[in-house]
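The block underneath contains the structure these notes are about, expressed in structure tokens.
The values are calculated or read from the model by the stated rules, or taken from the named source; none is laboratory data. For clarity, every value in this text was computed on a predicted model and none was experimentally measured. Backbone-built Cβ (ideal geometry, glycine too); neighbour counts: all protein chains shown.
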Amino acid sequence: AGRGSGAGTATAVAHPNIALVKYWGKRDERLFLPRTDSLSMTLDIFPTTTRVRLAPGAEHDTLTFNGAPATGEARRRIAAFLDLVRERAALGHRAVVDTVNTVPTGAGLASSASGFAALAVAAAAAYGLALDATALSRLARRGSGSASRSLFGDFAVWHAGVSAGTAEQADLSSYAEPVHAAPLDPALVIAVVDAGPKAVSSREAMRRTVGTSPLYEPWAHSSGADLADMRAALGRGDLEAVGEIAERNALGMHATMLAARPAVRYMSPASLTVLDSVLQLRREGTAAYATMDAGPNVKVLCRRADAQRVAAAVRSAVPGRAVHIAGPGPGARLLSE
Ligand code: 2P0
């Protein structure tokens, strides 16, 4: 099936992204509209490949994940996303969706960004929707907010969109697009400190933080300044500044959660040990900066030339944990059948 041909089968691949200015908090849960703009780097490791095949006459969607039937919340979210695509395409056929995710099982790394980016691209093509990159980013957003950014390679900014006006105007204005960066040669060293499932989902943690944390509004406000500073730092290829802004934005986000009632704490003792090793690397003159998401894993931004050394320092700080090195990766794309 070709792009938008409506021939009924399409396969797409997408990579995860790590936010350097975080998305934390929704203003509309149904439409996945965020409170703030965010900015991320798409990775070149751990792709998700998703094949969507229309099944005319079938009564249900058939969904598999790494060869096993999708169940529970994952199943519900994928089926709801397909309903959205069916509504847009005015085509009610159920689908067979096969997803292969290369994130090592139990790595504790989120896969909803690559998963819904790949699903948006494949489903749009299979259902015959001819959507441009902006429209695909908006569509992916409805599966998972961070998926809007995985449509694009390298660095992407996701606009929160307009708050005044109708829901439709808000929906139309909230999408991601590429961000220009001067040559930076960055790497992200990913320390998998704890492979267990997360204690609190990001959806619930965001809701609780926005609803109860006295630190949320100050962080959301300062995050706007972080975004402007981040764009400028990327524009001049200043890796130290990019890292400093990313680290302060992420630690601030975790502070908002610690002040929520009840508190949401994703950092574990091993996370703090890695954060200490990052400080030690900086004391020794290596540009290394930490960021963390809705879990205990720590991602360390550094120069590509320093990545092996940074990875070694992290490994010796938390022996026995998996450590991965990622560079900037490609945007989501359709594979030819
Ligand atoms: C981010 N995170 O910007 C932030 C930082 C985690 C911490 O996006 O509810 O799976 O599906 O929109 O995108 C993880 O949350 O949440 C996330 P939903 P999502 O990457």
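Somewhere in segment 260-277, is a residue outside the structural domain of Ser111 (by TED's automatic domain parsing), acidic (Asp, Glu) and in contact with a Phe, Trp or Tyr (Cβ under 9 Å, 6 or more places away or on another chain)? No; the residues of segment 260-277 include none that is outside the structural domain of Ser111 (by TED's automatic domain parsing), acidic (Asp, Glu) and in contact with a Phe, Trp or Tyr (Cβ under 9 Å, 6 or more places away or on another chain). Among the listed residues Ala220, Ala250, Ala312, identify the single one that is among the small types (Gly, Ala, Ser), without any contact (Cβ under 8 Å) to a residue 24 or more places away in the chain and assigned to a helix (DSSP H, G or I). Selected residue: Ala312, the only one of Ala220, Ala250, Ala312 that is among the small types (Gly, Ala, Ser), without any contact (Cβ under 8 Å) to a residue 24 or more places away in the chain and assigned to a helix (DSSP H, G or I). Pairs linking a residue in segment 113-139 that is more than 13 Å from Ser150 (Cβ to Cβ) to a residue that is of a type in the set (A, V, I, L, M, F, W, C) and at pLDDT below 95, with Cβ atoms under 7 Å and 6 or more positions apart or on different chains, are Ala125/Ala1; Ala126/Ala1.
Considering segment 30-62, and only residues there that are basic (Lys, Arg) and within 13 Å of the ligand (Cβ to nearest atom), the residue that is nearest to Gly243 (Cα to Cα) turns out to be Arg35. Which residues, counting only those in segment 77-112, are within 16 Å of the ligand (Cβ to nearest atom) and loosely packed, with under 12 Cβ neighbours inside 10 Å? Correct list: Ala80 only.
Let's see how each residue does on (1) within 16 Å of the ligand (Cβ to nearest atom); (2) buried (at least 18 other Cβ atoms within 10 Å of the Cβ); (3) closer than 19 Å to Gly327 by Cα; (4) not assigned by TED's automatic domain parsing to the domain that holds Asp154:
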{"site": "Arg203", "(1), (2), (3), (4)": "yes, no, no, yes"}
{"site": "Val210", "(1), (2), (3), (4)": "yes, yes, no, yes"}
{"site": "Gly224", "(1), (2), (3), (4)": "yes, no, no, yes"}
{"site": "Glu240", "(1), (2), (3), (4)": "no, no, yes, yes"}
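Per the listing Glu59, Glu73, the residue uniquely surrounded by fewer than 22 Cβ atoms within 10 Å (Cβ to Cβ), out of contact with any Leu (no Cβ under 9 Å at 6 or more places or on another chain) and not in a loop (DSSP other than H, G, I, E, B) is Glu73. Just need a number here: residues in segment 155-166 that are touching a Leu at 6+ places or on another chain (Cβ under 9 Å) and either in contact (Cβ under 8 Å) with a residue 60 or more places away in the chain or crowded, with 24+ Cβ neighbours inside 10 Å (or both). Number of matching residues: 7.
A single member of Ala228, Ala181, Ala170 is of a type in the set (A, V, I, L, M, F, W, C) and touching a helix residue (DSSP H, G or I) at 6+ places or on another chain (Cβ under 9 Å), and it is Ala181.
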